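Reviewing the structure listed below.
The values are calculated or read from the model by the stated rules, or taken from the named source; none is laboratory data. Model, not experiment: these values are computed from the prediction. Cβ coordinates were reconstructed from backbone atoms using ideal geometry, including for glycine residues, and neighbour counts include every protein chain displayed.
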Amino acid sequence: MQVKKLDLRIKPNIRRVITLSYNIDRQSVIRIADKMMKIEPAERERVYGEILAHFAKRHRNLEQILEKYYRELEGFLPADLKLRAVDKLLLASYFTKEYSIEAAALFNPSIVPLNHPASSEDEQEFVISLRATGEGHISSIEFIQGKIDSEGEVSFKMPESDLATGPEVVRIIDADPLTVEIKFDPRIPLSERVIYPLTADESNGIEDLRLVRFEDKGEITYFGTYTAYDGKNIQTKLLETKDFNTFKTHTLRGAAIEDKGMALFPEKINDQYVMVSRQDGNNLYIMFSDNLFEWRSPEPLLIPEMPWELSKIGNCGSPLKTGEGWLLITHGVGPMRKYQLGACLLDAKNPKKVLGRMKEPLLGPDEDEREGYVPNVIYTCGAMIHRERLVVPYAMSDLASGIAIFNIEEILNAME
């Protein structure tokens with residue numbers, strides 16, 4: 001089978017940093033404020049001037065960020081403490097840190113077609129999501145835009161700068177299930193927007209977003225299932241957006257969410273939502289639900305059978321609709337913990353029925369792709385079909401990412 005691996009490489013950039021507040025507690029706020037206010041006013045101004053000189057060019061609107069963090073600690077301060085504007089910003093800086101979001105890796109991508117008036121059937125814009133991992137191995141979500149033309153050539157709209165920015169607004173809009181709304185300043189390019197852990201259940205990472213363009217009665221919504229990790233427990237949560245500017249994160253319900261790798265079908269089948277997932281650490285399951293936010297009763301779909309996947313299998317994103325049925329990209333783990341991609345075909349109307357399955361791997365690591373944070377791994381969280389091509393962004397050894405392009409007909413013909 002022919003595969004075209006593009007020369008494009010999406011590599012981590014250690015210069016991309018965001019700001020986070022940290023160590024905000026009453027005792028620390030009172031202690032540092034008291035010591036700071038004993039410094040002469042002119043010296044406080046000088047110190048703050050140094051902060052601006054060293055950090056302002058590394059962030060959009062640093063002073064607005066410090067103002068926001070000051071509001072987080074303001075309630076701990078004595079009511080009679082009089083602070084000038086510069087004092088408030090200086091105090092906030094003691095509870096602010098830079099976080100290098102890509103210091104360890106930029107990997108496990110997924111891709112979705114992006115609706116845009118300029119698009120035609122020969123050229124398609126897309127959005128790629130990426131898992132960015134930094135200090136403490138904590139993961140966030142980033143995005144890159146690009147397009148593929150009629151000849152299958154791919155180009156990226158790369159970031160215009162090294163800047164990275166978190167959301168402008170974060171607010172809880174529903175308590176049961178917990179739903180958090182995230183809004184970005186629309187003037188900030190999509191490639192600079194970062195969704196980092198915001199709630200306790202994802203405090204140690206937002207991992208492996210599987211984006212899907214979901215269509216229901218002519219309405220398009222982009223959903224993404226991801227793994228929330230609090231340092232001890234994992235669960236699947238759901239990201240929702242229509243414009244990649246305003247997002248919602250939803251906590252899901254049901255026993256089936258307590259595992260990794262859930263991926264939503266891009267449309268309802270028989271008026272039900274459908275999800276594939278690995279539920280027992282080894283095998284692939286399918287489940288149906290009338291409620292997008294509640295998942296129970298998974299049914300077995302695939303078990304490891306081939307030598308290259310005997311350890312375990314899982315999905316690599318949402319199934320893709322073809323004229324022959326649902327094309328599902330899988331991953332398998334074999335000897336020496338080598339991860340490779342496979343594929344199977346599910347019945348269009350009854351996706352519990354497997355119509356075909358590749359005996360050999362679809363994609364594995366080349367010699368120059370096997371070294372990284374986790375060696376010998378090829379992995380993806382979602383692919384896209386453009387004309388007769390399957391476009392697969394993939395991670396190599398949990399370090400960086402690339403793109404491979406296949407012919408759909410060749411994949412289907414290779415199935416047994």
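Please tell me if residue 7 is within 30 Å of residue 343 (Cβ to Cβ) and surrounded by fewer than 16 Cβ atoms within 10 Å (Cβ to Cβ).
Details: within 30 Å of residue 343 (Cβ to Cβ): yes; surrounded by fewer than 16 Cβ atoms within 10 Å (Cβ to Cβ): yes.
Yes: the conditions hold for residue 7.
If you go through segment 17-55 and pick out every residue that is outside any helix (DSSP H, G or I) and either over 34 Å from the mean Cα position of the chain (by Cα) or among the β-branched types (Val, Ile, Thr) (or both), you end up with 7.
Within segment 194-201, does at least one residue satisfy the condition of being in a strand (DSSP E or B) and touching a Ser or Thr at 6+ places or on another chain (Cβ under 9 Å)? Let's see the steps before the verdict.
Step one: list which residues in segment 194-201 are in a strand (DSSP E or B), which gives 195.
Then drop every residue that is not touching a Ser or Thr at 6+ places or on another chain (Cβ under 9 Å), which leaves 195.
Within segment 194-201 (the criterion being in a strand (DSSP E or B) and touching a Ser or Thr at 6+ places or on another chain (Cβ under 9 Å)), the answer is yes, since at least one residue qualifies.
Among the residues making up segment 331-346, those that are loosely packed, with under 14 Cβ neighbours inside 10 Å and either over 13 Å from residue 310 (Cα atoms) or out of contact with any helix residue (DSSP H, G or I) (no Cβ under 9 Å at 6 or more places or on another chain) (or both) are 336, 337. Remark: pairs (first residue in segment 177-197, farther than 20 Å from residue 227 by Cβ; second residue among the charged types (D, E, K, R); Cβ separation under 6 Å; 6+ apart in sequence or on different chains) = 181/171; 181/248; 183/168; 184/168; 184/193; 185/168.
Here residue 181 qualifies as over 17 Å from residue 382 (Cα atoms), in a strand (DSSP E or B), in contact with a Ser or Thr (Cβ under 9 Å, 6 or more places away or on another chain) and assigned by TED's automatic domain parsing to the domain that holds residue 318.
Residue pairs whose Cβ atoms lie under 6 Å apart, separated by 6 or more positions or on different chains, with the first residue in segment 311-340 and over 15 Å from residue 361 (Cβ atoms) and the second of a type in the set (Phe, Trp, Tyr), are 319/265; 319/326.
Listed by first and then second residue, the pairs with beta-carbon distance under 6 Å, at least 6 apart or on different chains, first residue in segment 2-15 and assigned to a loop (DSSP other than H, G, I, E, B), second of a type in the set (S, T, N, Q) and surrounded by 12 or more Cβ atoms within 10 Å (Cβ to Cβ), are 14/100. Where strands (runs of 3 or more DSSP E) fall entirely within segment 306-372, those with at least 2 residues that are touching a strand residue (DSSP E or B) at 6+ places or on another chain (Cβ under 6 Å) and closer than 30 Å to residue 11 by Cα are at 312-315, 325-333, 339-346. Among what's in segment 73-84 and is exposed (fewer than 11 other Cβ atoms within 10 Å of the Cβ) and without any contact (Cβ under 8 Å) to a residue 24 or more places away in the chain, pick the residue that is nearest to residue 42 (Cα to Cα). Among residues in segment 73-84 that are exposed (fewer than 11 other Cβ atoms within 10 Å of the Cβ) and without any contact (Cβ under 8 Å) to a residue 24 or more places away in the chain, the one nearest to residue 42 (Cα to Cα) is 82. Can you find even one residue in segment 270-280 that is of a type in the set (S, T, N, Q) and surrounded by 18 or more Cβ atoms within 10 Å (Cβ to Cβ)? Within segment 270-280 (the criterion being of a type in the set (S, T, N, Q) and surrounded by 18 or more Cβ atoms within 10 Å (Cβ to Cβ)), the answer is yes, since at least one residue qualifies. Selection of strands (runs of 3 or more DSSP E) fully inside segment 57-133 by the criterion of at least 2 residues being small (Gly, Ala, Ser) returns 105-113, 124-133.
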